[in-house]
Amino acid sequence: MRIKVWGSPEGIKELHQKKLENHEIITEDIDPGYMQQCDLFIDLHPDKFYNRLDLYEQFYPIPVLVNCVKDTLAHIYMERFGNKQRFSLYGLNALPTFIGNPVAEVSVLHKGFASSLKKLMEELDWEYVVVEDFVGMITPRTVAMIINEAYFTVQDGTASREDIDMAMKTGVNYPYGPFEWCHKIGVRHVYELLNLLYEATHDERYKVPALLQREYKQDLLELKKQSDWPLY
């Protein structure tokens, strides 16, 4: 397959942990004529893909795996086209640290897309699981909740960040401690995902503590000093 990928250098590096050696991966800018010859688009950006919806529509029916962890396919379709199918969009859990997972976490707008998704995954030679088209999917939602609880624990003075990270890595064999994981994913993404989950569910588990809110605001100030938003 010829695959055009949008993403940061870190994200693209993580994507290469998947089975891609038998495919042509294009990460540089290409002209529309060459774009038309692609078999698949993969957009790793959790925010910037909105700027490429016109592109997806222009090159329909080329399928698109899009990082919509902080949105839903239903919302994208409804906002864009009043729920009329104008591009072949599939959700992909592509937040940092999840991109290279052995099993891809994907979503579809409705069951009618299941067979075309199956064919796409077979062509990629990826193992995958289809999850509900809901904010946070499964893994990011669960990890964000764990991170949130860790921030509450530090805020309450129960334990230090270092102790919590060490306990979670050695006690339950997590790949990262909650605070380490938060910064690898990005404080901004974790905070925004938790807020979206709270708005969608009104579940107190997703209510952001003051400590994380302060870190988010500081992170935002640092990002605004840069010339552009980060590519993740």
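Brief remarks on what is shown
- DSSP bridge analysis restricted to the chain gives an antiparallel fraction near 10%, rounded to the nearest 5.
- Global geometry of the range 164-232, whether rounded, prolate or oblate, following the gyration tensor of its Cα atoms and the 1.5 cut on a/c: oblate
- Dividing the mean sequence gap of close Cα pairs (under 8 Å, 6+ apart) by how many residues the range 98-149 holds gives a relative contact order of 40 percent.
- The chain: translational diffusion in µm²/s, Stokes-Einstein, Kirkwood Rh over Cα pairs, 20 °C, 1.002 mPa s: 114
- For the chain, adding -39500 (n - 2.57) for each run of n ≥ 4 DSSP H residues and dividing by the number of residues yields -13500 deg cm²/dmol at 222 nm.
- Rounded to the nearest 10 degrees, the angle from helix 210-225 to the longest Cα principal axis of the chain is 50 degrees.
- Here's the list of lysines a cross-link from K224 could span, going by alpha-carbon distance under 29 Å and ignoring same-chain residues fewer than 8 apart: K4, K13, K48, K70, K184, K207.
- Among A167, A94, A104: highest mean-square fluctuation, GNM of the chain, C-alpha pairs under 10 Å: A167
- Degrees separating the helix 187-201 axis from the principal Cα axis of the chain, which is the longest one: 90
- For the range 111-128, the Karplus equation 6.51 cos²θ - 1.76 cosθ + 1.60, evaluated at θ = phi - 60°, returns couplings of 4, x, 8, 4, 5, 5, 5, 4, 4, 5, 5, 5, 5, 6, 6, 10, 6, 8 Hz by residue, with Gly and Pro reported as x.
- A straight line joining the Cα centroids of the range 118-161 and the range 93-107 runs 9 Å.
Taken together, the values in this text are just the output of simple stated rules run on the coordinates, not laboratory data. Every value quoted in this text rests on a predicted model; they were computed, and no experiment measured them.
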